[in-house]
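A short write-up of the structure that comes next.
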Amino acid sequence: MHVSLSHCRTNRTMAAAAAHERKRQREGNAAPSTAAAAAGEAQYVYLPIADALKVPGVRVCLFAAVSEIGAVVRSRGTDFTLTLRIVDQSRTSGISVTFFADNTALLPCVRSTGDVISLHNVVITMHYGEFFVTVNKKFSSFALFEGKVSTEFRPYQASMKYHGSKHDDGILTQTRMWLVYHPPGLKDLELQLSSIKSDSTFDLVCKVLHVCQAPSGEWIFYVWDGTDAPTTEFQTFSDTEAVPSVPLHLEGAPLPREVLCTLPCIGTVLRVFTNKFSKEILHLQKDIYWARFCNITCKHEFGIWKGTLLPSSRVRLLSNEDGSVVERSKMYDSRCAIQVHRQPMAGLHKAPDITDVEYKRAGYTTLMESLTHGQVTHKFKTLVRIVAAYPCQGNDLHSLVTGNYCLRLTLEDPTARIHAYVHKEDGSQKKLTKKVPR
């Protein structure tokens, strides 16, 4: 017989629970353990999710892990609502739990996916053929615990009506031990921007810096995780004049400078496109959130990475205390602390040894740092890739020296792609005509 944690109950137990619930409803809607809780003897029978689904309409208690965190939205009435998805050993696909409250402070504030939630007196309901857990604000209660094995047993948040029992510590320990080997989400599919591959599907934990709608109607997420996307292969053209700097259909309208200046100067900002509106967009437009983009794909167009949400893709909001978020924040802080790590990850580590440069004491600057610099004229040292040059024929280059022409270079690093013009009068002079994160 399959055992789910230590709370597997026979059909007889569930039938007894259902009969007891019907009796309690006839006698009144008071919670069964209210008196016991007052006497310090609260006892709760926690059912595995799979068993709770067999008794819809009956109040049950659950102990499970949080696998997804939804966004707080206003309901059709006066309440605020929040939806979480929870899993346990008996149902790894999980089930959604909906909370209602007239104040957002009364809703669960989950710190991280993988944290544990205890639910008392909730009801399994079915809507459009799918099971849900309904939390009634009149008689249901909850408590949130950290999912790490080494943490204490006290909840970091509990509703006013929640009363634990002496057996909860053992159940919490077993749930945490199960989470060690079965963390929510597929970590094997989780990539950083530094390791993305073209035409593959993966999960991406990133900070959503900006959201806007393109003229085509598509929504664009500007996302970042502090790492540099891999260098892409750039298509060669026989007519170099036709080489695009940044294609308009990919770029959309240039970002306003006030938005551009809020973007990080280190690390690639990836644009992720979707033609489907979701409620998460409303929250991501109002503030900056960390999120998990599940089952997305990437490809490169004109040498620029472009992310796309598939019909099966999902966007899950994360808290700043989520384990994956904390890990990425520490990696970025470590990178910023060492000057050499601020260089492009795929750059030439021995660049000063292969070329003669001025300002040898100056550190390397990314193109985004220059684009957002407060001064109009900014002299800096950087490592870039030359994507294209025009003109590139020998006789045309001769006219650069003898005539009034200039050489146009298309330069890029992991943060931006720009046009740089080299004039006869000053070989180091640059005129930036594009200010778009790559």
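Conditions (1) out of contact with any Lys or Arg (no Cβ under 7 Å at 6 or more places or on another chain); (2) polar (S, T, N, Q); (3) at positive phi, marked per residue:
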residue: S200; (1), (2), (3): yes, yes, no
residue: D203; (1), (2), (3): no, no, no
residue: H210; (1), (2), (3): yes, no, no
residue: E218; (1), (2), (3): yes, no, no
residue: T232; (1), (2), (3): yes, yes, no
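Looking at Y181, Y222, Y162 in this structure, which one is over 20 Å from V326 (Cβ atoms), in contact (Cβ under 8 Å) with a residue 24 or more places away in the chain and under 23 Å from the mean Cα position of the chain (by Cα)?
Y222
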Would you call K161 in a strand (DSSP E or B), modelled with pLDDT of 90 or more and among the basic types (K, R)?
no
Any pair with Cβ under 6 angstrom, 6 or more apart, that starts in segment 258-278 at a residue that is at positive phi and assigned by the TED database to the domain that holds Y332 and ends at one that is among the hydroxyl-bearing types (S, T, Y) and surrounded by 20 or more Cβ atoms within 10 Å (Cβ to Cβ):
G267/T227
Within segment 106-138, of all residues that are hydroxyl-bearing (S, T, Y) and at pLDDT 90 or above, the one nearest to S159 (Cα to Cα) is S118
Which residue pairs have Cβ atoms closer than 7 Å, lie 6 or more positions apart in sequence or on different chains, and pair a first residue in segment 409-427 that is under 21 Å from T262 (Cβ atoms) and in the same structural domain as R271 (by the TED database) with a second residue that is modelled with pLDDT of 85 or more and surrounded by fewer than 23 Cβ atoms within 10 Å (Cβ to Cβ)?
none
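Residues checked against (1) β-branched (V, I, T); (2) in contact with a helix residue (DSSP H, G or I) (Cβ under 8 Å, 6 or more places away or on another chain); (3) surrounded by fewer than 17 Cβ atoms within 10 Å (Cβ to Cβ):
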{"residue": "S165", "(1), (2), (3)": "no, no, no"}
{"residue": "Y181", "(1), (2), (3)": "no, no, yes"}
{"residue": "E190", "(1), (2), (3)": "no, yes, yes"}
{"residue": "T201", "(1), (2), (3)": "yes, yes, yes"}
{"residue": "L204", "(1), (2), (3)": "no, yes, no"}
Within segment 169-218, track down each residue that is assigned to a strand (DSSP E or B) and among the acidic types (D, E).
E190, D203
Answer yes or no as to whether T410 is modelled with pLDDT of 75 or more and open to solvent by less than 30 Å² (accessible area, probe 1.4 Å).
yes
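Would you point out which residue out of D88, D51 is in contact with a helix residue (DSSP H, G or I) (Cβ under 7 Å, 6 or more places away or on another chain), among the acidic types (D, E) and within 14 Å of T125 (Cα to Cα)?
Matching residue, one of D88, D51: D51.
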Pairs needed: first member in segment 59-87, in the same structural domain as I117 (by the TED database); second member anywhere, aromatic (F, W, Y) and open to solvent by less than 20 Å² (accessible area, probe 1.4 Å); C-beta distance under 6 Å; at least 6 residues apart or different chains.
C61/Y46; F63/Y46; L82/F99
Run T175 past the list (1) in contact (Cβ under 8 Å) with a residue 40 or more places away in the chain; (2) among the hydroxyl-bearing types (S, T, Y); (3) open to solvent by 80 Å² or more (accessible area, probe 1.4 Å) and report the number of the one that doesn't hold.
(3)
Flagged in segment 301-316 as assigned to a strand (DSSP E or B) and crowded, with 20+ Cβ neighbours inside 10 Å, in numbering order, are I304, W305, G307, L309, V315, R316
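A quick yes/no check of all residues on (1) modelled with pLDDT of 80 or more; (2) over 22 Å from K166 (Cα atoms); (3) not β-branched (V, I, T):
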position	(1), (2), (3)
V3	no, no, no
T10	no, yes, no
A17	no, no, yes
A35	no, no, yes
A42	no, no, yes
D51	yes, yes, yes
A65	yes, no, yes
R76	yes, yes, yes
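The values are calculated or read from the model by the stated rules, or taken from the named source; none is laboratory data. Just so we're clear, the structure is a prediction, and the values are computed from it rather than from any experiment. Note: ideal-geometry Cβ built from the backbone for every residue, glycine included; neighbour counts use all protein chains shown. Only protein heavy atoms, including side chains, enter the accessible area calculation; ligands, DNA and RNA are left aside. Shrake-Rupley method; radii C 1.70, N 1.55, O 1.52, S 1.80 Å.
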